[in-house]
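Here the structure is laid out as structure tokens; the discussion comes afterwards.
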Amino acid sequence: VQLQASGGGLVQAGGSPKLSCAASGRTSSRNIMGWFRQAPGKEREFVAAINWSGGSTYYADSVKGRFTISRDNAKGTVYLQMNSLKPEDTAVYYCAGRGGLVFASTPSTYDSWGQGTEVTVSS
């Protein structure tokens, strides 16, 4: 599965950008799709995940209530709607995929990764 993230850029605090992750290949083999982020000098951290049907989602506490993950399997695309952005949300955002039925927040458990899209939040 190949993943291509897009939608990042420079955003003012309080802004609401929407990231997209276009998947190609055997997308059905990646039941769980997630978003991670990595700020400068920090480790990659989990943001959100969604199952194949889109009926179940999982969020990091730091983004719960502000970010929404969704997917359109017909388009092979996963989205991350980000609202009420804060400067601490500045990071490179990566989409990732894994098989199985269980949500996971550890990056090493995902085996398909996109190249990342940078989001910079100005105060």
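The values are calculated or read from the model by the stated rules, or taken from the named source; none is laboratory data. Being a predicted model, the structure only gives us computed values, none of them experimental. All Cβ positions, even for glycine, are placed from backbone atoms using ideal geometry, and neighbour counts span all protein chains on display. Only protein heavy atoms, including side chains, enter the accessible area calculation; ligands, DNA and RNA are left aside. Shrake-Rupley method; radii C 1.70, N 1.55, O 1.52, S 1.80 Å.
Key figures
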| item | result |
| --- | --- |
| Accessible area per residue in Å² at 1.4 Å probe, computed on the chain | 50 Å² |
| Solvent-accessible area, 1.4 Å probe, carbon plus sulfur percent, for region 44-94 | 45 percent |
| Cβ crowding within 10 Å averaged over residues, with 89-97, 23-31 ranked highest first | 89-97, 23-31 |
| Translational D in µm²/s for region 1-57 (Stokes-Einstein at 37 °C, 0.692 mPa s, Kirkwood Rh from C-alpha pairs) | 247 µm²/s |
| Cα-Cα separations in the chain greater than 19 Å, expressed as whole percent | 39 percent |
| Summed residue charge, Cβ within 13 Å of Gln2's Cβ, Lys/Arg positive, Asp/Glu negative | +1 |
| Segment Ser24-Thr57, extension gain: residue separation times 0.36 nm, minus the distance between their alpha carbons | 9.7 nm |
| Contact order normalised by residue count of the chain, Cα under 8 Å, 6+ apart, percent | 37 percent |
| Residues in region 80-123 that a label on Asn73 would reach, taking backbone N under 17 Å of a point 7 Å out along Cα→Cβ | 97-103 |
| Simple Cβ-charge dipole of the chain, Lys/Arg +1 and Asp/Glu -1, about Cα centre, in debye nearest 20 | 240 debye |
| Computed label-point distance, nm, for sites Lys42 and Ser122 using a 7 Å Cα→Cβ extension | 2.1 nm |
| Region 34-123: trypsin sites (Lys or Arg not before Pro) falling in loop per DSSP and having at most 14 other Cβ within 10 Å | Lys42, Lys64, Lys75 |
